[in-house]
1. If the only charges are +1 at each Lys and Arg Cβ and -1 at each Asp and Glu Cβ, what is the size of the charge dipole of the chain around the Cα centre, to the nearest 20 debye?
2. What span do the alpha-carbon atoms of the range 99-195 cover on each of the three principal axes, reported in whole Å from largest to smallest?
3. At 7 Å along Cα-to-Cβ for each site, give me the label-to-label distance between Ser22 and Val37 in nm.
4. Under a cut-off of 30 Å between alpha-carbon atoms, report the lysines in cross-link reach of Lys55, not counting same-chain residues fewer than 8 places apart.
5. What list of ³J(HN,Hα) couplings, whole Hz, do you get for the range 196-202 from phi and the Karplus terms 6.51, -1.76, 1.60, once you set θ to phi - 60° and write x for glycine and proline?
6. Give me the percent of accessible area attributable to carbon and sulfur for the range 151-206, probe 1.4 angstrom.
7. Please give me the summed charge of the neighbours of Thr143: other residues whose Cβ is under 15 Å from its Cβ, Lys and Arg +1, Asp and Glu -1.
8. Is it possible to state the helix-based mean residue ellipticity at 222 nm for the chain, with each DSSP H run of 4+ residues giving -39500 (n - 2.57), the sum divided by total residues, to the nearest 500 deg cm²/dmol? What is it?
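The values are calculated or read from the model by the stated rules, or taken from the named source; none is laboratory data. In this text the structure is predicted, and so the values were computed from the model without any measurement. FYI the Cβ positions are ideal-geometry reconstructions off the backbone, even for glycines, and counts take in every protein chain you see. These accessible areas exclude ligands, DNA and RNA; they are computed on the full protein's heavy atoms, side chains included. Shrake-Rupley method; radii C 1.70, N 1.55, O 1.52, S 1.80 Å.
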Amino acid sequence: SILILGFYFFVVLPYTQAFFRSHPWLYRYADIIFFAVVVILTVYKTNLTELGFSKKYLNQHLVLGLIAGGILLFSLPLLETGLKSTGLIDHELFGEKSQSHVSNSLSSLPEQLTTLVFIPLIEQIFFTGIILQSLLKKMNGITAVYTSSLIYTLAGFKLTLGTFGLGIGASSLYKLTGTLYASILFHISCALGGILLENIYPKIRI
């Protein structure tokens, strides 16, 4: 894991920033391509059960992931309703966001599927199934969860509380269940929440 992360942070990431800026597609997806290659090699050499795809208690873990993701998604209309009821929705902070960040319409179906399914699947296998599992063998659970979440936040310069929260939530669900199902569903819900913020609730996008 240390070698993989070292190669990513000291080779892939700087090389992408330096040479792929003129190639939008490569610049956007270079990190996920690297993660996917690592995941494919890991799946080839590792038992899927050990990676986090045990079928034991599958239904319970799926339900837990749906509940966690559902709570996140349900909070969006609640937040908008709360802001409207207090009049804060018309504050210039939210007004500027809504005017300056109006969605450029829903992207193509392949791009939507990549955002909603492929990226959450690959990132959860990489950061939770591989990195977090490795950390759990070397440190206590809480430290491992926070460390893997910090690594996820730093990857690709996604330095936001939302990204860190996603990492904490997904890592905690893995620690609780021992599988990746709930973590993947939670990540998909976060990705869907991002799309809803862009297109349905632009005023509450912070």
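1. Values: 13 positive and 9 negative charges, 109 e Å.
So the dipole magnitude of the chain works out to roughly 520 debye.
2. 45, 25, 19
3. 2.2 nm
4. Lys45, Lys137, Lys138, Lys175
5. 5, 5, 5, 10, 10, 10, x
6. Values: 1710 of 2400 Å².
Carbon-and-sulfur percentage of accessible area, whole number: 71.
7. Numbers: positive: Lys137, Lys138, Lys175; negative: none.
Taking every Cβ under 15 Å from that of Thr143, the sum is +3.
8. Details: 12 runs with 141 residues, N = 206.
Calculated from helices alone, the mean residue ellipticity at 222 nm is -21000 deg cm²/dmol.
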